[in-house]
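*Asks:* What follows is a structure written as structure tokens; I'll ask about it next.
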Amino acid sequence: MPAADSPLHQDLHALYSDHHGWLFKWLRWRLGNAADAADLAQDAFLRLIVKPEPTRFNSPLQARAYLRTMAQGLCTDLWRRREVEQAWLDALAMQPEAHAPSLEHQAIVIETLMQVGAMIDRLPEKARKAFVMAQIQGLPTPEIATALGVSQRMVQKYLAQAMLQLALIDAGLST
């Protein structure tokens, strides 16, 4: 965290003072929920504290555009997480109650699913589509080739590329 008397701290304080209320209102309108809006507004400013971006903007409009872009990404992450959570809860609901995992285990599974989803999102588009069709939907190579409009050999290359990229990402060797 920047020192209290540093220019970065002063810039962050001014940015927070000038724009937190506006950002909270925008998020509340976007999300329809004051609690989620408050959480995401705080997360946006926390990101600036933890990993300071240039906080000097040429105008209030430029600062708001930056904050809105960041907040939109946070909204997308929230919605994606809720979709994963709902899919997990739907799958749990179909299980007998005796097989229901603990709340801690459920949280771990949801976090793992979010991490896997983020890794898959980082793949090139065609490799991602081929990987999802093969691994998630269980489609055979010929059907994937038809759906993507490519040869079966190309599908195999996409799948190999996806597996390699995921292994590199998991090992921390790729971004």
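*Asks:* For Ala118, which of the numbered conditions (1) assigned to a helix (DSSP H, G or I); (2) among the hydrophobic types (A, V, I, L, M, F, W, C); (3) surrounded by 16 or more Cβ atoms within 10 Å (Cβ to Cβ) fails to hold?
*Replies:* Answer for Ala118: the failing condition is (3).
*Asks:* Out of the residues in the stretch 36-49 meeting the condition of being hydrophobic (A, V, I, L, M, F, W, C) and within 14 Å of Cys75 (Cβ to Cβ), tell me which one is most open to solvent (accessible area, probe 1.4 Å).
*Replies:* Ala38
*Asks:* Of these, Leu67, Leu78, Leu74, which one is touching a Lys or Arg at 6+ places or on another chain (Cβ under 9 Å), at pLDDT 85 or above and under 19 Å from Arg28 (Cα atoms)?
*Replies:* The conditions single out Leu74.
The values are calculated or read from the model by the stated rules, or taken from the named source; none is laboratory data. In this text, all values refer to a predicted model and were calculated from it rather than measured experimentally. Using ideal geometry, Cβ is built from the backbone for each residue, glycine included, and neighbour counts are taken over all protein chains shown. To get the accessible areas, we keep the full protein, side chains included, count just its heavy atoms, and leave off ligands, DNA and RNA. Shrake-Rupley method; radii C 1.70, N 1.55, O 1.52, S 1.80 Å.
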